[in-house]
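Okay, so here's the structure we're looking at.
The values are calculated or read from the model by the stated rules, or taken from the named source; none is laboratory data. Small disclaimer: the values here were computed from a predicted structure and weren't measured. Don't worry about glycine lacking a Cβ; one is built from the backbone with ideal geometry, like all the others, and counts go over all protein chains shown. Remember, those area values only see protein heavy atoms, side chains included, never the ligands or the DNA or RNA. Shrake-Rupley method; radii C 1.70, N 1.55, O 1.52, S 1.80 Å.
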Amino acid sequence: GRYRLSVEKCSMRTAFRTACLALMIAMSFPLHAASGQLLMDDTDPGRKIYVSQGTFEDVRENLELAITGRGMVISSIFDIGDMLSRTGGDIGVATAVFADAQALAFCSAVLSREMMEADPHDIVNCPYVIAVYSLAGEANRVYVAFRRPAPADTDASKWVLRKVEALLDDIVAESLIP
């Protein structure tokens, strides 16, 4: 009796540890490998552009939830599509570029602090901005993109900027509809 109870406890403990280890391993893989698609070459030094199926509204809502779900506050939303439509007539251009286009600005207090402690000139990378947009004439295709952090001079700065880019990648991956 006592031996059997001990074996059952050990088996449950082993199963729990195995499940925790499997979860940790699964969480270490980038999310963007499973959803959406990287549209441009990953070596583009200036930007990353992903494409998703679905509606602008759904991807836009997912993006907002991915940001706020990490405890970050969206400080500004730039309605770039409306601005271009509104000002197009003023400059004699009637062609629509976007069906919808917004850029969401936000910051991570922890990463921003690390980034600027590593190099105060990295202030140019703050706030983080992720654009979500659909092109005129492309139904059910939504793009989500961000500027990659500017290249850094020091190892400490490079390390933090890699963390910033990983955060942006994870947020975008969470917003995409497979």
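The 3J(HN,Hα) values that the Karplus relation (6.51, -1.76, 1.60; θ = phi - 60°) gives for the stretch 80-88 are, in residue order, 5, x, 5, 4, 5, 5, 5, 8, x Hz. Gly and Pro appear as x. Shown in residue order for the stretch 42-57 are the 3J(HN,Hα) couplings computed by the Karplus curve 6.51 cos²θ - 1.76 cosθ + 1.60 at θ = phi - 60°: 5, 8, 4, x, x, 7, 10, 10, 10, 10, 9, 7, x, 9, 4, 4 Hz (x for Gly and Pro).
If you add up the charges near LYS158, with Lys and Arg at +1 and Asp and Glu at -1, over every other residue whose beta carbon is less than 15 angstrom from its beta carbon, what do you get?
Details: positive: ARG148, ARG162, LYS163; negative: GLU114, GLU117, ASP119, ASP122, ASP153, ASP155, GLU165.
The answer is -4.
Scanning residues 5 or more positions from ASP100 or on other chains, those with amide H under 5 Å from its amide H are SER134, with H placed 1.01 Å from N in the peptide plane. Phi angles of the stretch 135-150 translate, via the Karplus equation with coefficients 6.51, -1.76, 1.60 and θ = phi - 60°, into HN-Hα couplings of 7, 4, x, 10, 6, 6, 9, 10, 9, 10, 9, 8, 6, 5, x, 4 Hz per residue; Gly and Pro are given as x. Counting 0.36 nm for each residue step from SER75 to GLN53 and taking away their Cα separation leaves a gain of 5.2 nm. Counted residue by residue at 0.36 nm each, then reduced by the alpha carbon distance between them, the extension gain from ALA166 to ALA139 reaches 6.8 nm.
Considering only protein heavy atoms and a 1.4 Å probe, what is the carbon-and-sulfur percentage of the accessible area of the stretch 85-141?
On the way: 1890 of 3280 Å².
Carbon with sulfur: 57 percent of the solvent-accessible area.
Across the stretch 32-150, the volume of the C-alpha convex hull divided among the residues equals 135 Å³ per residue.
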